[in-house]
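Coordinate-derived values only; no laboratory data. From a predicted model like this one, the values you see are computed outputs, not experimental measurements. Note that each Cβ is placed from the backbone with ideal geometry, even for glycine, and that neighbours are counted across all protein chains shown.
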């Protein structure tokens, strides 16, 4: 499949007008979908290396918002409508079991939401709120640029359920190496 066809398919799937899809310059060597902590740096490094790279992101640039700029305010970022896709997940197939969660969210007829286990009559169960960042930068906009690395026991668990290549004695070095790439 050619790059132009892939680009046309992506733009069509995202609701972009077909004229836009046909007018985009091609070919690209790489098309990166998502300008979050993975996609943004990857696209930048590919472009800096001289590759024709297209970066597509569904979010808007909300970088001027204080919630985005000031890590101390990150706790408000997921609730900022400009930076939130407002997804809900259902953790169980059984609604009775799912609705027992204290984090269950219900839509009310007046346009507000109720969170808890005893919703008013007539409330519509949405699920458990699952904040996803609707902005350039992806989840970094919601997590205050904090990275928490796993403990050795976590790596050992991954090793035991995976292919055995990741384990505590070597994985810490991998994380350190990745962090040094950005330095």
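The packing ranking, built from the mean of other Cβ atoms within 10 Å per residue, places the peptides 67-79, 149-161, 34-46 in the order 34-46, 67-79, 149-161, highest first. Taking R0 as 45 Å, what's the FRET efficiency between residue 66 and residue 157 from their Cβ-Cβ distance, rounded to 0.05? Calculated transfer efficiency: 0.70. Each residue, residue 165 and residue 147, gets one label point 7 Å from its Cα in the Cβ direction; the gap between the two is 1.9 nm.
Shape class for the range 87-130: prolate, because the ratio a/c of the largest to smallest gyration tensor axis (alpha-carbon atoms, square roots of eigenvalues) is 1.5 or more and a/b beats b/c. For 56, 148, 174, the sequence from fewest to most other C-beta atoms within 10 Å is 148, 174, 56. Shape of the range 79-157 from the C-alpha gyration tensor: oblate (a/c of 1.5 or more and a/b not above b/c, with a ≥ b ≥ c the square roots of its eigenvalues).
In this simple spin-label approximation, residue 123 and residue 45 carry label points 7 Å from Cα along the Cα→Cβ vector, and these lie 4.6 nm apart.
Each peptide in 95-101, 57-63 was scored by the mean count of other Cβ atoms within 10 Å over its residues; highest first, the order is 57-63, 95-101. Modelled label positions at residue 102 and residue 114, each set 7 Å beyond Cα in the direction of Cβ, lie 1.8 nm from each other.
Judged by the mean number of other Cβ atoms found within 10 Å, the most tightly packed of the peptides 118-124, 136-142 leads the ranking 136-142, 118-124.
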